[in-house]
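Notes follow the structure.
Taken together, the values in this text are just the output of simple stated rules run on the coordinates, not laboratory data. Just so it is clear, the structure is predicted and the values come from calculations on it, not from any experiment. For neighbour counting, all protein chains shown are included, and Cβ atoms are generated from backbone atoms with ideal geometry for every residue, glycine included.
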């Protein structure tokens with residue numbers, strides 16, 4: 001379990017063998033805090049469900065998600081959390097309840113890795129999950145579409161006033 005925008009991703013891309021070899025300090029996973037951080041900039045929380053030694057997961061993480069955590073404008077930067085699809089390690093869920101990667105994967109109907117989901121601060125899906133790796137060379141376009149759909153839903157929810165009829 002890791003937050004891609006954290007130390008582990010920095011070390012992996014810093015180019016320093018010493019930094020990459022240094023073990024990352026694993027902060028407890030708190031999806032409520034991750035969701036709140038993403039919501040501050042009007043973005044979805046992006047969660048990558050992966051498996052150990054999954055080459056497709058590595059490609060999605062390295063080539064598509066990691067760059068989105070380093071965009072120049074803070075408003076464009078995404079909060080990306082990685083969870084292991086089958087993990088039973090406890091984590092704090094969106095309502096503060098104890099959960100795990102496997103429980104969340106089941107909640108979203110995920111059975112393959114990699115799987116990427118766009119979530120609001122309460123853990124609700126904002127776009128259909130992206131399932132599988134980049135076998136057609138179109139993954140970037142699919143990811144852009146999912147992020148755009150999620151941002152549009154968040155913007156629509158933010159502009160809705162209490163008492164307004166749903167769209």
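The stretch between residue 59 and residue 131, if pulled fully straight at 0.36 nm per residue, gains 24.6 nm over its current Cα-Cα span.
Between residue 141 and residue 36, the FRET efficiency estimated from the beta carbon spacing at R0 = 30 angstrom works out to 0.55. Scoring 28-34, 70-76 by mean Cβ neighbours within 10 Å over their residues and listing the highest first yields 28-34, 70-76.
The range 45-68 and the range 106-136 have their alpha-carbon centroids 12 Å apart.
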